[in-house]
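Below is one structure, written out as structure tokens; the observations come after it.
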Amino acid sequence: MPDQSPPRLSEIVPAESPRLGAPSDRRAFLANASALTLAIPGLGAALAGCSPAGTERPIDSVQTRAAGSPDSTAAALAQHNSDSRLDSSVLKGARHGATSATPQATRGAAQVAFRRYDPALPPLAPGSRLQLNWHARETPVRIREDTVVAGWTFEGDIPGPIVHCRVGDTVEFTLTNDAEIPHSMDFHAAQVDPKVAFRSVQKGQSVTFTFRPKWAGAFMYHCGTAPVLMHIGSGMYGAIIVSPREPLPVAREFVLVQSEFYLADAPNGVRAFDYQKMLATMPDYVVFNGRPNQYIDAPIRVKVGDRVRFWLVNAGPTHSCNFHVVGEQFDTVYLGAPPASAIRGAQTWAVAPGGGMCFELLCDVPGEFPFVNHGFGHGQKGSIGILIVES
Ligand SMILES: [Cu+2]
């Protein structure tokens, strides 16, 4: 019987890495963590949370509090950084092994209905300030008529809600953790001190931070609590779309979040996300917006003459998304910060895990156009949809 337990921090960090201790050791440790972040998005933030309690310098834009607690208690809790070691020790406990099948994540699974994830980019909110009060929840999610997964989620869905704002807007974000396991939030569109803003919070606690996106684009958000692979792999991710201040050409705009599902059997017929399978990197499904083939069953529809803009985020956790639209060519692919860095006439472009890009096509021919991950070993596991162009 293989060991089903997630690794301790010491198993994630290479053996030659210095352990936490003297400040110089810690700097070297974080340097290694930064290098690891290149391979595992958010891991550096999670590892950076490993400072001893009370050593962080608070920043104005960040608060951590316990809901309903007196100020003194909240202040005490703010000193307590729920760090990677704690997270791992919680996961190591008897609540569950390396599976997402917590009691909360499986309860009532049979009653959960399938719901298509709406790919339409939500309109911008009026004003220049966006206030988001989200909850981390462990809850069952039906991804096909015959399959319910034990999800770790933001706001009860996989992916979490689509956020839409503009460059320079103020985003004030609060995460409250309703779950037994510590969770956190890492916005790739933010420039903040991750050690403070992206820290984990325990059940009943909240963390609030504010940021102003500097660049336009499609950005990932995700839980950065260690092991990051387990938290992203269990459903805690989504897209924040940052539009430029000067509007892009009028278009039908859609958001696609690709992700991989690594599943194993769990009680009550639920399928649970499985950490050992995540490490083996052979997914059962690779999906757009959390459900395999949902846009084959219910295609995206536009009209001849429409410009279509796909904002694509690849949540991974491990594989790239090689985006292609069969029977079309991309009028424009923005490598970053649209309308800058535009590539014309591309056929397929890879979006790295933890990355996002913007794809445009002009629909001047009617028909049914599959949009696919052209890495077909993954595409045929569920990351294919249909764009119907109606005359
Ligand atoms: Cu989490």
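If you go through the range 352-383 and keep only what is surrounded by 22 or more Cβ atoms within 10 Å (Cβ to Cβ) and either of a type in the set (A, V, I, L, M, F, W, C) or over 17 Å from residue 217 (Cα atoms) (or both), you end up with 357, 358, 359, 361, 363, 369, 371, 372, 373, 378, 382, 383. Based on this model, can you work out whether residue 217 counts as within 16 Å of the ligand (Cβ to nearest atom), in contact (Cβ under 8 Å) with a residue 40 or more places away in the chain, among the small types (Gly, Ala, Ser) and open to solvent by less than 10 Å² (accessible area, probe 1.4 Å)? Considered against the rule, which asks whether it is within 16 Å of the ligand (Cβ to nearest atom), in contact (Cβ under 8 Å) with a residue 40 or more places away in the chain, among the small types (Gly, Ala, Ser) and open to solvent by less than 10 Å² (accessible area, probe 1.4 Å), residue 217 comes out as no. Look at residue 203 and say whether it is closer than 30 Å to residue 99 by Cβ, basic (Lys, Arg) and touching a Gly at 6+ places or on another chain (Cβ under 7 Å). No; evaluated as a whole, the condition is false for this residue. Residues of the range 116-139 that are among the β-branched types (Val, Ile, Thr) and within 17 Å of residue 201 (Cα to Cα): none at all.
Scanning the range 188-214 for residues that are part of a loop (DSSP other than H, G, I, E, B) and surrounded by 24 or more Cβ atoms within 10 Å (Cβ to Cβ), we see that the one that is farthest from the ligand (Cβ to nearest atom) is 213. Every condition in (1) open to solvent by 20 Å² or more (accessible area, probe 1.4 Å); (2) out of contact with any helix residue (DSSP H, G or I) (no Cβ under 9 Å at 6 or more places or on another chain); (3) within 12 Å of the ligand (Cβ to nearest atom) is met by residue 175 except one, and the failing one is (1).
Of all residues in the range 136-162, which are part of a loop (DSSP other than H, G, I, E, B) and either open to solvent by less than 10 Å² (accessible area, probe 1.4 Å) or touching a residue at least 24 places away in the same chain (Cβ under 8 Å) (or both)? Of everything in the range 136-162, those that are part of a loop (DSSP other than H, G, I, E, B) and either open to solvent by less than 10 Å² (accessible area, probe 1.4 Å) or touching a residue at least 24 places away in the same chain (Cβ under 8 Å) (or both) turn out to be 145, 158, 159, 160, 161, 162. Among the residues making up the range 266-283, those that are on the phi < 0 side of the Ramachandran plot, open to solvent by 50 Å² or more (accessible area, probe 1.4 Å) and in contact (Cβ under 8 Å) with a residue 24 or more places away in the chain are 267, 271, 276, 279. For the range 229-260, a residue qualifies if it is assigned to a loop (DSSP other than H, G, I, E, B) and more than 16 Å from the ligand (Cβ to nearest atom), and the qualifying residues are 244, 245, 246, 247, 248, 249, 250, 251. For the range 180-187, indicate whether the set of residues that are charged (D, E, K, R), within 16 Å of residue 235 (Cα to Cα), within 18 Å of the chain's Cα centre (by Cα) and away from the ligand (no atom under 12 Å from the Cβ) is non-empty. Among the residues of the range 180-187, not one is charged (D, E, K, R), within 16 Å of residue 235 (Cα to Cα), within 18 Å of the chain's Cα centre (by Cα) and away from the ligand (no atom under 12 Å from the Cβ), which makes the answer no.
The values are calculated or read from the model by the stated rules, or taken from the named source; none is laboratory data. None of the values given here were measured: they were computed from a predicted structure. With ideal geometry, Cβ positions are generated from the backbone for all residues, glycine too; neighbour counts draw on all protein chains shown. Please note that ligands, DNA and RNA were not included when accessible areas were found on the heavy atoms of the full protein model with its side chains. Shrake-Rupley method; radii C 1.70, N 1.55, O 1.52, S 1.80 Å.
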